[in-house]
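The values are calculated or read from the model by the stated rules, or taken from the named source; none is laboratory data. As the structure is a computational prediction, the values presented were derived from the model and not from experiment. Counting neighbours? That spans all protein chains shown, and the Cβs are built from the backbone with ideal geometry, glycine included. These accessible areas exclude ligands, DNA and RNA; they are computed on the full protein's heavy atoms, side chains included. Shrake-Rupley method; radii C 1.70, N 1.55, O 1.52, S 1.80 Å.
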Amino acid sequence: MAVLPVTKLGNPILRKKCNPVMDFSILPQIVEDMFDTMYEAEGIGLAGNQIGLDMALCVIDITHTEEDGVPHVFINGEILERTGEYLMEEGCLSIPDVRFEFNRAERVRFRYQDMEGNTYEDEFDGLLARVIQHEMDHLNGNLIIDHVSKLVRMQHRKQLREIEKTEKSLLAVK
Ligand code: NI
């Protein structure tokens, strides 16, 4: 078990489009660490670049809701189609204590691989579709702050600057 530090706003890896996973043999340890890290941080989703890995994978667990019964690992995911729209408030482990309300698609058609490299194509809706879109954003270098207006960002400017400042000082030490 390893709980890893979660990269925060200001860390350049969060702005990078992550590379596809090619070597599936290294996944078991990485995925275990990602679940440990996500549960410790009390998150419901975590993307590879949130633990500093330039790898297109994410883990999701919304089993605390009635909507879904199992945790998920999605490798090399791609959203093929988005339909509908709904408004919801979202947070992000990489931007602690900041929440924004904005629209995302209600339903997605999603192609992904499992840890063995098998490819699937499924439809997801509700919270799971929401979290998939959030994690796919991460893996494409996007964050929740990109979904709100400049005005809304300005209202949180102090908090956002503080997170960036702390992250950059941590990076400078490394
Ligand atoms: Ni996030």
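Below, the figures for the structure above:
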{"item": "Within the chain: Cβ-based charge dipole about Cα centre, in debye rounded to nearest 20 (Lys, Arg +1; Asp, Glu -1)", "result": "1280"}
{"item": "Lys/Arg +1, Asp/Glu -1 at C-beta; the range 12-173 dipole; positive extreme among 27, 57, 171", "result": "171"}
{"item": "Spatially proximal aspartates and glutamates relative to residue 8 (Cα-Cα < 13 Å; intrachain offsets below 8 disregarded)", "result": "97, 162, 164, 167"}
{"item": "Formal net charge of residues neighbouring residue 56 (Cβ-Cβ distance under 11 Å; K, R +1; D, E -1)", "result": "-1"}
{"item": "Candidates 102, 124, 24, ranked by Gaussian network fluctuation over the chain, Cα under 10 Å, top entry", "result": "24"}
{"item": "Surface per residue (accessible, 1.4 Å probe) for the chain, Å²", "result": "54"}
{"item": "Solvent-accessible area, 1.4 Å probe, carbon plus sulfur percent, for the chain", "result": "51"}
{"item": "Between the range 1-63 and the range 137-167, the Cα center-to-center distance that results, in Å", "result": "19"}
{"item": "Selection of GluC sites (Glu not before Pro), the range 1-87, meeting DSSP coil and at most 15 other Cβ within 10 Å", "result": "42, 66, 67, 85"}
{"item": "Mean residue ellipticity (222 nm) of the chain, computed from DSSP H runs ≥ 4 via -39,500 (n - 2.57), nearest 500", "result": "-9000 deg cm²/dmol"}
{"item": "Proximal charge balance of residue 141 [Cβ under 14 Å; K/R count +1, D/E count -1]", "result": "-1"}
{"item": "Candidates 118, 49, 19, ranked by Gaussian network fluctuation over the chain, Cα under 10 Å, top entry", "result": "118"}
{"item": "Solvent exposure ordering (accessible area, 1.4 Å, most first) of 17, 174, 168", "result": "174, 17, 168"}
{"item": "Under-5 Å amide H pairs with residue 98, H placed in peptide plane, nonlocal only", "result": "92"}
{"item": "Exposure rank, largest accessible area first [134, 147, 64, 156; 1.4 Å]", "result": "64, 147, 156, 134"}
